[in-house]
Amino acid sequence: MTEPSNADTIARSPITARITRVADLAATLLFALEGGLVAIAVGLDPVGVLVVCFVSALGGGLVRDILTGALPPAAVSDWHYAVIVIVAAAAVWTLHGVLAGLPGSLVVALDAAGLSMAAIAGTEKSLDRDIHPLVALFLGTVSGVGGGAIRDVIINQVPRVLRVDIYASAACLAALIIVIWRLAGLPARPTAIVAGLACFGLRMAAATFGWALPHAMA
């Protein structure tokens, strides 16, 4: 019997499983809070806020798990996800009078943090299921942007991923770092930290300085 390679050992270690779960739950909380703030801003009622929180927080992960064959999806089979979303929605609704006065940069920061965590979780989970690295790169990006895209459609807005240039690119950067470092056999924890900081930093810098990708000229 052949011994597992270093990369295989890292991919299936308890450390990466823990990182994936923590990142996924953190992304759920951050996206739920951000979704609630967006729902309040467009004037939705409590039920609408809850629906938008659920879609924002769980949409990307549901798409990821369905595409990777991780069925039933974690968002359906693990009660922690639903509880996090419900608590976040209740908190946003209860405190919406206070939260309404917070700067818009807070929503951007929540979104950037959620984007980072979701991209990490999506890429790690895809690689752990022996998905090809290029497909894992795509699924990590989808995990980050999927929920927000569905949310924007529900509230009748053009999805942010289509109107904000450095958005999917930031999630893709995090996914790319994880794929390359995992293939190189580097430790999982620093890989996730570097990937998360890179995604968050790029998204916040783009929002602050108005960075954009080049557009095709007609």
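Of note, GLY140 does not satisfy the criterion of being closer than 20 Å to LEU58 by Cβ and either touching a Lys or Arg at 6+ places or on another chain (Cβ under 6 Å) or surrounded by fewer than 19 Cβ atoms within 10 Å (Cβ to Cβ) (or both).
Every residue, every condition in (1) of a type in the set (S, T, N, Q); (2) surrounded by fewer than 18 Cβ atoms within 10 Å (Cβ to Cβ); (3) modelled with pLDDT of 90 or more, yes or no:
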| site | (1), (2), (3) |
| --- | --- |
| VAL153 | no, yes, yes |
| TYR167 | no, no, yes |
| ILE180 | no, yes, yes |
| PRO190 | no, yes, yes |
| ILE193 | no, yes, yes |
| THR208 | yes, yes, yes |
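Taking the stretch 190-207 as the range and being in contact (Cβ under 8 Å) with a residue 40 or more places away in the chain and more than 17 Å from GLY140 (Cβ to Cβ) as the test, the residues that pass are MET204, ALA206, ALA207. In this entry, LEU213 passes the filter for residues that are surrounded by fewer than 16 Cβ atoms within 10 Å (Cβ to Cβ) and either farther than 18 Å from ALA109 by Cα or among the acidic types (Asp, Glu) (or both).
When we screen GLY60, GLY97, GLY35 for residues that are part of a helix (DSSP H, G or I), closer than 27 Å to PRO187 by Cα and either out of contact with any helix residue (DSSP H, G or I) (no Cβ under 9 Å at 6 or more places or on another chain) or in contact (Cβ under 8 Å) with a residue 24 or more places away in the chain (or both), the only hit is GLY60. Within the set ALA136, ALA82, the sole residue that is part of a helix (DSSP H, G or I), free of Cβ contacts under 8 Å to residues at least 40 places away in the same chain, touching a helix residue (DSSP H, G or I) at 6+ places or on another chain (Cβ under 9 Å) and within 22 Å of LEU25 (Cα to Cα) turns out to be ALA82. Look through the stretch 85-133, keep the residues that are charged (D, E, K, R) and under 19 Å from the mean Cα position of the chain (by Cα), and return whichever of them is nearest to LEU30 (Cα to Cα). This residue is ASP111.
The values are calculated or read from the model by the stated rules, or taken from the named source; none is laboratory data. Keep in mind that what you see is a predicted model, and the values were worked out from it rather than measured. Neighbour counts are summed over all protein chains in view; Cβ atoms, including those assigned to glycine, are modelled from backbone coordinates with ideal geometry.
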